[in-house]
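Novice: Mind having a look at this structure? Questions to follow.
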Amino acid sequence: SGAGYDAYTGMQFTLVFIFGAQQALYTMVPQATGAGNTTQVGALLQLVLFWTTVVLGVPTALSWAFMGDLMLHFNMLADAPSDCGVSVGNGTNATAEAAQDLADMYHEADLIESYGQVSVLYLLPYVWVVGLTTWLESVEEVQEAETIAALGSLLKAGLSWVFMFKHDHLPGFLQGYELNGFAYASTVGYSVQLGLLLYIVFHLRRHHAQY
C-alpha cells in the first residue's frame with residue numbers, strides 16, 4: 001500500500017547512520033586482523049554495538065515512533081490538495097474533493113505512525129543482527145551469517161503472511177493486523193536470528209574468548 005511504502009522509505013532513511021557505522025567493520029576489522037591486534041577485533045564489535053544501540057538507536061527509535069507526524073510535517077506524503085474550493089462553477093465538488101484528499105493524507109499519516117511505533121519492537125534485535133552479521137563476515141565467518149539470514153528471511157515471510165491477513169483456520173489473535181503484522185513478524189524473526197547469532201558468536205565459536 002501507499003502507507004506501507006512511505007513508512008518503509010522513511011524508516012530506511014533514518015537507518016543511514018547506523019548502517020554507515022556497521023559497514024565500517026568491513027574495513028576496520030580486517031585491518032586489525034592483519035596487524036595481529038586480536039583485542040581490537042573484538043573491541044570493534046563492542047564499540048559498534050554500543051554506538052548503534054545507544055547513541056544512534058535511541059534517536060532512531062524516537063523518529064520511528066513519530067514517523068507519521070514527521071513525514072506529514074516535511075511533506076513526504078502525498079501532496080496536500082491544491083484546490084481549496086475557489087474554482088468558479090464547480091466550487092462545491094472541488095471543496096469536497098480537497099477535503100477527502102486531506103482526510104486520506106492524515107489517515108495515511110496515522111497508519112504510518114502506528115506502524116512506526118510497533119516497529120520499534122524489532123529495532124534493537126534488527127540493529128544487533130546486522131551488526132553481528134557484518135562482524136562475522138568481516139572475520140570471514142560467512143557461511144553461518146548467510147545461513148541465519150536465509151532462515152530469518154523465510155521465517156519473517158511466513159509470519160508476515162500469518163499476521164497481516166485473515167485466515168479461517170487460525171486463531172483471531174494471530175491474524176488480521178494488516179501493515180502492523182509485518183512489524184510483528186519482523187520482531188519475531190529478528191529476535192530468533194539474534195538468538196542464533198549470539199549462540200554462534202559467544203558459545204559455539206567463543207569469539208569473545210578468542211578476541
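Novice: For 132, 204, write out the residues from largest to smallest accessible area, computed with a 1.4 angstrom probe and no ligands counted.
Specialist: Details: 132 0, 204 100 Å².
Sorted by accessible area, descending: 204, 132.
Novice: Specify which labelled value, from (1) 1.01; (2) 1.30; (3) 1.11, agrees with Cα Rg over 2.2 N^0.38 Å derived from the coordinates of the model shown.
Specialist: (2)
Novice: How much accessible area does residue 202 have with a 1.4 Å probe, in Å² rounded to the nearest 10?
Specialist: The accessible area of residue 202 comes to roughly 80 Å².
Novice: Moving to a separate point now. Considering only 157, 182, 38, whose Cα is most displaced toward the positive end of the charge dipole of the chain, charges sitting on Cβ of Lys, Arg (+1) and Asp, Glu (-1)?
Specialist: Most positive-ward Cα: 38.
Novice: First measure r as the distance between the Cβ atoms of residue 100 and residue 167, then evaluate 1/(1 + (r/R0)^6) with R0 = 45 Å and state the FRET efficiency to the nearest 0.05.
Specialist: On the way: r = 32 Å, r/R0 = 0.72.
Using R0 = 45 Å, I get an efficiency of 0.90.
Novice: Using only alpha carbon pairs under 8 Å that are at least six residues apart, calculate the relative contact order of the chain and give it in whole percent.
Specialist: Working: 240 pairs, mean separation 51.9, N = 211.
The normalised contact order for the chain reaches 25 percent.
Novice: A further question on this structure: Compute the FRET efficiency between residue 55 and residue 143 as 1/(1 + (r/R0)^6), taking r as their Cβ-Cβ distance and R0 = 25 Å, and round to the nearest 0.05. It would help to have the intermediate numbers written out before the result.
Specialist: Values: r = 31 Å, r/R0 = 1.26.
Using R0 = 25 Å, I get an efficiency of 0.20.
Novice: To continue, here is another question. Taking the Cα centre of the chain as origin, work out the dipole magnitude from +1 charges on Lys and Arg Cβ and -1 charges on Asp and Glu Cβ, in debye rounded to 20. Don't skip to the end; give the middle numbers.
Specialist: Working: 4 positive and 17 negative charges, 201 e Å.
For the chain, the charge dipole is close to 960 debye.
The values are calculated or read from the model by the stated rules, or taken from the named source; none is laboratory data. Quick caveat, the model's predicted, so the values are computed rather than measured. Every residue, glycine among them, receives a Cβ derived from its backbone with ideal geometry; neighbour counts consider all protein chains shown. To get the accessible areas, we keep the full protein, side chains included, count just its heavy atoms, and leave off ligands, DNA and RNA. Shrake-Rupley method; radii C 1.70, N 1.55, O 1.52, S 1.80 Å.
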